[in-house]
1. Take the residues of segment 102-120 that are among the charged types (D, E, K, R) and modelled with pLDDT of 95 or more: which is surrounded by the fewest Cβ atoms within 10 Å (Cβ to Cβ)?
2. Restricting to segment 1-51, name every residue that is of a type in the set (Val, Ile, Thr), open to solvent by 40 Å² or more (accessible area, probe 1.4 Å) and closer than 20 Å to residue 127 by Cα.
3. Could you list, in sequence order, all residues of segment 1-20 that are under 17 Å from residue 102 (Cβ atoms), in a helix (DSSP H, G or I) and touching a helix residue (DSSP H, G or I) at 6+ places or on another chain (Cβ under 8 Å)?
4. Just the residues that are surrounded by 15 or more Cβ atoms within 10 Å (Cβ to Cβ) and under 11 Å from residue 127 (Cβ atoms), please, taken from segment 161-172.
5. Identify the residue in segment 42-81 that is of a type outside the set (A, V, I, L, M, F, W, C) and assigned to a strand (DSSP E or B) and, among all such residues, is farthest from residue 117 (Cα to Cα).
6. Here is a list of conditions, (1) within 25 Å of residue 23 (Cβ to Cβ); (2) modelled with pLDDT under 95, and residue 155 meets all of them except one; can you say which number that is?
7. If you check residue 28 against the conditions, is it out of contact with any Phe, Trp or Tyr (no Cβ under 8 Å at 6 or more places or on another chain) and either under 23 Å from residue 139 (Cα atoms) or without any contact (Cβ under 8 Å) to a residue 40 or more places away in the chain (or both)?
8. Considering every residue within segment 91-105, establish whether at least one is out of contact with any strand residue (DSSP E or B) (no Cβ under 9 Å at 6 or more places or on another chain), assigned to a helix (DSSP H, G or I) and charged (D, E, K, R).
Amino acid sequence: MDPVCTIENTNLADLDFIFGLFDQSIAYQKNKGYTVWGNYDKDVLSGDIQNRNQYKIIMDSTIAMVFSMCYSDAIIWREMENDDSVYLHRIVVNPACKGKRLFGELLTWVKAHAIQKNLRFIRMDTWADNPTIIEYYKSFGFSVIENFTTPNSTELPAHNRNLAITLLQIRL
C-alpha cells in the first residue's frame, strides 16, 4: 500500500528539523562518495519558508521530504528562462523515509500545480558528476538539457556557486 502523504508549506517551527535533514543528507551523500553541498545557506532556507516557497511532504505525521519551488531561475537557465516554468530546488529526503519514492508524490503535486498555472515545464538541476541521481530523475520522466557550471555570482547561494550541474526538465 502506498503511503498517505500531504504536501503543505513549511513554517519557521520546522526550521531546526529542516537544518537537521540537510546535515543528515550531506553526511549520507559524503558517505556514499557523491558530491555534496560543502555547506548550505541557512538564510536562504529561512527565506524560502518566509516567502512560502518551501514545502514539506508529511507522511505518518513525519516530515518525509522538503523542497523549494520558484518561477524564475535566469542565472542558471539563462536564455531558456521564459516565465513558463516551475523550478524545483533543495530537495531533501528524511533518511527514515528513503526508498519510498517520495519524489513521485512531489512530482504529481508539482505537475498539477504547474498545469493549474499554465506553465510549460518543470525544471531542476543536480550535480553533473552524480549519474545515479540523474538516472533517478530521468526515471520520473525528466530529460537532460545540458551540463552547466554555475557562475560565481552573489545572486546564487554560496553553496550553488561554481558548481558543475546537469539541467533537467519535463515538458508538460
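1. Among those that are among the charged types (D, E, K, R) and modelled with pLDDT of 95 or more, it is 117.
2. 35
3. Once the filter is applied, which keeps residues that are under 17 Å from residue 102 (Cβ atoms), in a helix (DSSP H, G or I) and touching a helix residue (DSSP H, G or I) at 6+ places or on another chain (Cβ under 8 Å), segment 1-20 yields 14, 18.
4. Correct list: 163, 165, 166.
5. Checking each candidate, the answer is 62.
6. Result: residue 155 fails condition (1) only.
7. Yes, satisfied.
8. no
The values are calculated or read from the model by the stated rules, or taken from the named source; none is laboratory data. In this text the structure is predicted, and so the values were computed from the model without any measurement. Ideal geometry is used to build each Cβ from the backbone, glycine not excepted, and the neighbour counts take in all protein chains shown. In case anyone asks, the SASA skips ligands and DNA or RNA and just uses the protein heavy atoms, side chains included. Shrake-Rupley method; radii C 1.70, N 1.55, O 1.52, S 1.80 Å.
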